[in-house]
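Have a look at the structure below, then the notes.
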Amino acid sequence: MNLNKTNRLMPLALAACVVLGILIGTFYSNHFSGNRLSIINSGSNRLNDLLHLIDDQYVDSVNMNELVENAIPEILAELDPHSVYISAKDVQSANDELQGSFSGVGIEFVIRKDTIHVQNVIPGGPAESAGLIAGDKIVSVDDKPFVGKEVTNEEAMRRLKGPRGTKVKIGVLRNHQNKVRQFTITRDNITTKSISCAYMLDAHTGYIRIKNFGENTYGEMISALADLSQQDFENLVIDLRDNAGGYMSSAIQIADEFLPKNRRIVYTEGRKQPRQDFMSTGHGSYQDVPLVVLINEGSASASEILAGAIQDNDRGTVIGRRSFGKGLVQQQIGLRDGSMIRLTIARYYSPSGRCIQKHYNTGNDKEYEEDLLTRYNRGEYFSMDSIKHEGPEYHTMLGRTVYGGGGITPDIFVPEDTTGITSYYKEAAMSGLILQFAFEYTDEHRDELKTKKTSSELIAYLKRQGLLDKFASYAEKNGLQRRNLMLQKSQALFEKYIFSRIIYNMLDECSWMEYLNEDDPAIRTTKEVFKKGIAFPKKEESQKVAYSPLKGTGGEKNLMRMEKWVTAFRKA
């Protein structure tokens, strides 16, 4: 054998093998890997071709960026109700609440009569340091007038928020003063809380309200539990009503505090996402505390993960009304222009294996959007028998029956309390007139009201002011005809609603919640459960229990959801 000749031919042989391998690989890739890639290329090519044709030949000039901006949400809507597009200008505000902080001046405001009214000044924030107080009306920003139709939530946020360390000059009118006062505020990072209230309901029962699940929620929860421990709480209520969710990881961390080791909390699975089980570590410090979780139709996503984990593991009692039914997991994906999509990548399943996601049709699903209204109209908020279970039966660790395919059904159903509700009261609440009256009354009497340091002092004062009659006159001036019989029938609801908003305006959110909880039917039912020692489910309790609401004025709390349609408080 001629070794020299063989050595000379070896590089050529290797090169030939590489080329042959590439050709064979390309052939098999094109013919046997499926046509998915070619389909995607074909689809995107058609979209590109369409946009080029429009840009090149359409009869009128077209803003192509705006066209694409409008088209992306429509494409995502063809997937599911929770895959969404967030424009570049809205990304920051979309993330602020979940991230637990933002950079701004540190106020909570509401827009009334085309003017920004400072609802609250965040303690320790730059606005408080500069001298702003609740009740101030912002009339200029950076020496330019800012009143009238240009005053929107979006524009106010754009002008008041900004990078940390930057300055903004704000002109305000203070109550009973005609001269505009100028304040220069240096923006700073503002911390926002996802746990809005933690206090002792009674001598033995701690209460924690979680508004959403953000980056800092678990830390806030541990801090709240530590504070309640100092007050020797024996029972615990976690209020998730109207909590629309947030980060799944935060809900998992909180569930872990209450579960023994190796209990499944949740698992996720998708077409491109292999099943992933999230198990409890057994390191939680509150595994033996009697526990109640409150939910309603506004509790969704991460709230349902926590409630489902507690229910399926028979760790506590879930009280309230059926939750929203969102069992889809989104991943945030940034696009090159700074915009973002939240794309559904998996479904989550409770420990028993049920998917909580309610039924939806692809495309702009009007039925899905109106589901809560449909539930209301068929009586589900008032009768447990009206709940439609669309999914199969599953079983908790003790064998209790639970259902998939449409939210978490509570162990104890508490119907919406309609005591004292009249059409006059409904119209006053839905129109926003109660909120407007409470805000304007607060503004006009702020000097007197601020001498009352507690909610009980405020209530004692307000009960002597004849606010019901004053409201009826105010409402009539604003287009709502006075109806004395209905006013009398709904007196307790009107007073509770008006008083609660003034407490919110003058004190804080937790004082507001404490006042509303005083005669809340779900809270009363919760106390009864703890008193009877039945917070831990028993095997024989396989059927859901329906409690009639204990008489109270819970109707004003039910209208908290309606407030979201008529007003919005913003932080800047």
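The values are calculated or read from the model by the stated rules, or taken from the named source; none is laboratory data. In this text the structure is predicted, and so the values were computed from the model without any measurement. All Cβ positions, even for glycine, are placed from backbone atoms using ideal geometry, and neighbour counts span all protein chains on display. The protein model used for the area step is the full one, side chains on, heavy atoms only, and it has no ligands, DNA or RNA in it. Shrake-Rupley method; radii C 1.70, N 1.55, O 1.52, S 1.80 Å.
A few remarks follow.
- For ASP288, the criteria (1) within 25 Å of the chain's Cα centre (by Cα); (2) open to solvent by 50 Å² or more (accessible area, probe 1.4 Å) hold in every case but one, which is (1).
- Boolean, GLN253 is in contact (Cβ under 8 Å) with a residue 12 or more places away in the chain, assigned to a helix (DSSP H, G or I), open to solvent by 60 Å² or more (accessible area, probe 1.4 Å) and polar (S, T, N, Q): yes
- From TYR207, TYR286, residue being part of a strand (DSSP E or B) and over 30 Å from ARG378 (Cβ atoms): TYR207
- Verdict on TYR461 being open to solvent by 10 Å² or more (accessible area, probe 1.4 Å), assigned to a helix (DSSP H, G or I) and either polar (S, T, N, Q) or modelled with pLDDT under 95 (or both): no
- Residues (modelled with pLDDT of 95 or more and of a type outside the set (A, V, I, L, M)) located in the range 246-267: SER249, SER250, GLN253, ASP256, GLU257, PHE258, PRO260, LYS261, ASN262, ARG263, ARG264, TYR267
- Test for ASP443: is it over 32 Å from the mean Cα position of the chain (by Cα), surrounded by fewer than 21 Cβ atoms within 10 Å (Cβ to Cβ), more than 25 Å from ALA300 (Cα to Cα) and among the acidic types (Asp, Glu): no
- Of the residues making up the range 512-542, those that are at pLDDT below 95 and of a type in the set (Gly, Ala, Ser) number 1.
- When restricted to residues that are under 15 Å from the mean Cα position of the chain (by Cα) and under 17 Å from MET279 (Cβ atoms), the range 238-261 contains 3.
- Among (1) assigned to a helix (DSSP H, G or I); (2) within 20 Å of the chain's Cα centre (by Cα); (3) touching a residue at least 40 places away in the same chain (Cβ under 8 Å) - the single one LEU76 does not satisfy: (2)
- Boolean, SER383 is small (Gly, Ala, Ser), surrounded by fewer than 18 Cβ atoms within 10 Å (Cβ to Cβ), closer than 30 Å to THR526 by Cα and touching a residue at least 12 places away in the same chain (Cβ under 8 Å): yes
- Flag for VAL105 being among the β-branched types (Val, Ile, Thr), modelled with pLDDT under 90, within 25 Å of ILE138 (Cβ to Cβ) and in contact with a strand residue (DSSP E or B) (Cβ under 6 Å, 6 or more places away or on another chain): no
- ASN243 in a loop (DSSP other than H, G, I, E, B) and crowded, with 22+ Cβ neighbours inside 10 Å: yes
- Scanning the range 147-172 for residues that are more than 29 Å from the chain's Cα centre (by Cα), open to solvent by 50 Å² or more (accessible area, probe 1.4 Å) and under 20 Å from ASP114 (Cα atoms) gives VAL147, LYS169.
- Of LEU373, LEU335, LEU398, all but one fail to be within 30 Å of ASP519 (Cα to Cα), among the hydrophobic types (A, V, I, L, M, F, W, C) and open to solvent by 40 Å² or more (accessible area, probe 1.4 Å); the exception is LEU373.
- For the range 177-204, a residue qualifies if it is within 25 Å of LYS527 (Cβ to Cβ) and part of a strand (DSSP E or B), and the qualifying residues are ILE195, SER196, CYS197, ALA198, TYR199, MET200.
- Boolean, ASP56 is in a helix (DSSP H, G or I), open to solvent by 50 Å² or more (accessible area, probe 1.4 Å) and at negative phi: yes
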